[in-house]
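J.: Pasting in a structure now, in structure tokens, and then I'll have a few things to ask.
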Amino acid sequence: MKKRIRNIIICGLLFGGILLMLRIVFQMSDEEVWRYYILVSGIILVGAVGINIIYQVKLMKKLKRFETILRDEENPDKFIEENESLLRRLKSEYNRALININLSAGYCDKGDFETAKNILLSIPLKHIKGINKVVYYMNLAYIYFRLEESQKALDILEQQKKAFSNLEKHPSLGGNIMSLRILKYIAQDQLADAQNLLITAKNQWTDKRLLKDWELLQSTINQLNNTSL
């Protein structure tokens, strides 16, 4: 983004120089120079913004296509390969952060939670905005639970309580937030509450990828219940 802004400034300076030369050659008045300057500058600015919007839309479509590799093909290695290939071509720190969040999810799918954690922690938070920041903390909390670093996960849930609560009914993220709530109960040894919430989750969230989470959570609760007998 900084590079694009710099390029726009350079173009503006070059255009200003060209106008100055035209003014001298054609003996244009100050009013005519400013009129042309404002008109053409506006066209350049709108064009630059339009190109950036088109680029971002194309990128989002590509990321949506990548999602099907995990969701439908269930191929985390291919998902990681596609994202790494894209990452090598990206300059924008904002877009690189998005791809790294994707990569972390791919390694989670492979069960390599240590690598997934390291990727997330390498992302500068200033480059993550809006709902992507919620996804970042949601994924990081899940990874901490899976690595049995429960206190770090619980700290995130407390810090992000309002943000997570606002997205509990989100069609894509609600099930994952429910999973974190169940893991919280398990970490706090509230197994009855965890079981009750898991029953609700199974009925409410039937996505194929979440079914694996529900099975894992049920297995964990059963093992802990048997251990406590």
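The values are calculated or read from the model by the stated rules, or taken from the named source; none is laboratory data. Here the structure is a predicted model, which is why all the values come from computation and not from measurement. All Cβ positions, glycine included, derive from the backbone under ideal geometry; neighbour counts span all protein chains shown.
J.: Restricting to region 151-178, name every residue that is of a type outside the set (Val, Ile, Thr), crowded, with 17+ Cβ neighbours inside 10 Å and part of a helix (DSSP H, G or I).
T.: Of everything in region 151-178, those that are of a type outside the set (Val, Ile, Thr), crowded, with 17+ Cβ neighbours inside 10 Å and part of a helix (DSSP H, G or I) turn out to be ALA153, LEU154, LEU157, PHE164, GLY174, GLY175, ASN176, MET178.
J.: Okay, next question. Evaluate the following for LEU90: is it farther than 23 Å from MET178 by Cα and out of contact with any Phe, Trp or Tyr (no Cβ under 9 Å at 6 or more places or on another chain)?
T.: So LEU90 fits the description; yes.
J.: Regarding LYS184, is this residue charged (D, E, K, R) and touching a residue at least 12 places away in the same chain (Cβ under 8 Å)?
T.: Taking the combined requirement at face value, the residue satisfies it.
J.: Next question. So, of the residues in region 109-123 that are within 23 Å of LEU167 (Cβ to Cβ) and modelled with pLDDT of 95 or more, which turns out to be surrounded by the most Cβ atoms within 10 Å (Cβ to Cβ)?
T.: ALA116
J.: Please specify each residue of region 159-192 satisfying the condition of being at pLDDT 95 or above, farther than 17 Å from LEU140 by Cα and either within 17 Å of the chain's Cα centre (by Cα) or among the polar types (S, T, N, Q) (or both).
T.: GLN188, GLN190
J.: Something else: Report the residue count in region 67-107 for those that are under 17 Å from LYS208 (Cα atoms), surrounded by 15 or more Cβ atoms within 10 Å (Cβ to Cβ) and under 15 Å from the mean Cα position of the chain (by Cα).
T.: 2
J.: Further question on the same structure: Which of the residues that make up region 131-158 are more than 14 Å from ILE101 (Cα to Cα) and either under 14 Å from the mean Cα position of the chain (by Cα) or of a type in the set (D, E, K, R) (or both)?
T.: The answer is ARG146, GLU148, GLU149, LYS152, ASP155, GLU158.
J.: Let me ask you something else. Looking at region 179-210, which of its residues are among the hydrophobic types (A, V, I, L, M, F, W, C), in a helix (DSSP H, G or I) and surrounded by 13 or more Cβ atoms within 10 Å (Cβ to Cβ)?
T.: If the condition is that a residue be among the hydrophobic types (A, V, I, L, M, F, W, C), in a helix (DSSP H, G or I) and surrounded by 13 or more Cβ atoms within 10 Å (Cβ to Cβ), then LEU180, ILE182, LEU183, ILE186, ALA187, LEU191, ALA194, LEU197, LEU198, ALA201, LEU210 are the ones that fit.
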